[in-house]
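Below is one structure, written out as structure tokens; comments come after it.
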Amino acid sequence: MSSSTPHRYGLRTAALLVVASMVGTGVFTTSGVLLAELHSVSAVLAVWIVGGLVALAGALSYAELAAQLPESGGEYALLARAFHPAIGFTAGVVSIVAGFAAPIAACAIAFARYLDAAFPGLVPELPAAIVIVVLTTAVHFAHLRSGARFQDALTIAKIVLVAIFVFGGATKGDLSRLAEPFDPATLVSPPFAIGLVLVYFAYTGWNAAAYVAGEIDRPARTLPLALLLGTGGVTALYVAINAVLLASAPRAELEGVVEIGAVAATHLFGATAGRVLAAVIALGLVSTIGAFVVTGVRVYDAIGRDHPALAVLARRNAGGAPVIALLVQAGLALLMVATASFETLLAAVGFTLSIASGLTVIGVAIVRLRHPERPRPYRVPLYPITPLFFVIIMIWTVYESILYAREIALFGVATIGLGLLGYFVLSAKNRANPA
């Protein structure tokens, strides 16, 4: 599975890719729902803090594998090496469906809604969602390096705008609302586990740099730093954003409110602020969609390089962009935009990706046991506590998700089954027609 692609990404772009993948609509739409589940401001903040710690534990664990196996493709490449190619291929299908196409579609739908909130009636929601998927794909289709510069600029703009909201809101909100008593027993309750599932979408992207590991300059040094800086920075940003949101208004006015960002902005800054914040979020979502486009096609590309029957997926243009993979990914995302709701797409992401990421972190221990002699440029700190913490949380949240909504589990099982079936069909074809 060696990559033949020249290294193109440095620490800045790799870290910003993590940030862009993570900071999207989830942080501005989840806390109202969490309040309705947990009925406590302090418990909601605790979910975001624990969610960040879980993401950080996952990122540090991924970094050990990816630093010694610097190949693009994320879980597809890592699980194939740690376990078996069938597991890797299945994880690749899971990533394609639930890890990238579904989030691209969900963010495109959210972009259209926020655009309409900022500029009512400007563009109908469905055409707006379709256009943003096409445009972000086209930018990266043109040239890989120009796409990276575009991505960096959007991400920096998004961070600056969100920082303005945080600092401005912190001076106007009632911070005493954050001082509600907290029952430690909440940390092990089923509602807290469901809360972690809900915030998992907001934290999705903490492993983004691992998907372009084969295209990162000096991966042994750059990759761990990118994952650590990106995930740690976003966790701090998320906690700060939610502190402002929850301090903006009485809890009763925020419980169950999906558009909590607009409600908070209205309370903090006035009636027009909701529209301004909606425009900011819409801009940020363009960056998030672009980050998913960049990382997602690397899975297609890696699969195409490893399986002759799918070699067309690895075809690149003169600018280095995997053109067929970009087109297939965009087509799948557009199909979801046209046929699925925002809520359905969100539900599809958390459960399925928890299984793939949990297996990948287990792979850290498997590779250490199988290949103790292998050089490890980076080792996960506090091993085995760090990966064990991540795996335990993933098992707990998957279990609670099955009890909470069995249809989510059915989607995950169907996706995994599709991946296994595809691998064995391709393997049989390769044996019948050896290269």
Is one or more of the residues making up segment 373-381 of a type in the set (A, V, I, L, M, F, W, C), open to solvent by less than 10 Å² (accessible area, probe 1.4 Å) and within 20 Å of the chain's Cα centre (by Cα)? no
When you scan segment 412-426, how many residues do you find that are β-branched (Val, Ile, Thr) and more than 17 Å from residue 398 (Cβ to Cβ)? 1
Considering only segment 102-133, state which residues are open to solvent by 10 Å² or more (accessible area, probe 1.4 Å), under 20 Å from the mean Cα position of the chain (by Cα) and modelled with pLDDT of 90 or more. 132
It is to be established whether one or more residues within segment 353-362 are free of Cβ contacts under 8 Å to residues at least 24 places away in the same chain and not charged (D, E, K, R). no
Hey, can you tell me all the residues within segment 226-253 that are within 18 Å of residue 40 (Cβ to Cβ), modelled with pLDDT under 85 and either in contact with a strand residue (DSSP E or B) (Cβ under 6 Å, 6 or more places away or on another chain) or surrounded by 19 or more Cβ atoms within 10 Å (Cβ to Cβ) (or both)? 249
Take the residues of segment 276-300 that are crowded, with 24+ Cβ neighbours inside 10 Å and over 16 Å from the mean Cα position of the chain (by Cα): which is modelled with the highest pLDDT? 300
Determine which member of the set 66, 14, 57 is surrounded by 24 or more Cβ atoms within 10 Å (Cβ to Cβ), modelled with pLDDT of 85 or more and under 19 Å from residue 220 (Cα atoms). 57
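Residue 52: open to solvent by less than 10 Å² (accessible area, probe 1.4 Å), closer than 20 Å to residue 299 by Cα and not hydrophobic (A, V, I, L, M, F, W, C), yes or no?
no
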The residue from 305, 315 that alone is open to solvent by 40 Å² or more (accessible area, probe 1.4 Å), touching a strand residue (DSSP E or B) at 6+ places or on another chain (Cβ under 9 Å) and among the charged types (D, E, K, R) is 315
Residue 260 fails exactly one of (1) open to solvent by less than 40 Å² (accessible area, probe 1.4 Å); (2) modelled with pLDDT of 85 or more, namely (2)
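The values are calculated or read from the model by the stated rules, or taken from the named source; none is laboratory data. Please read these numbers as outputs of a predicted model, since none were measured by experiment. All Cβ positions, glycine included, derive from the backbone under ideal geometry; neighbour counts span all protein chains shown. Surface accessibility is based on the protein's heavy atoms, side chains included, excluding ligands, DNA and RNA. Shrake-Rupley method; radii C 1.70, N 1.55, O 1.52, S 1.80 Å.
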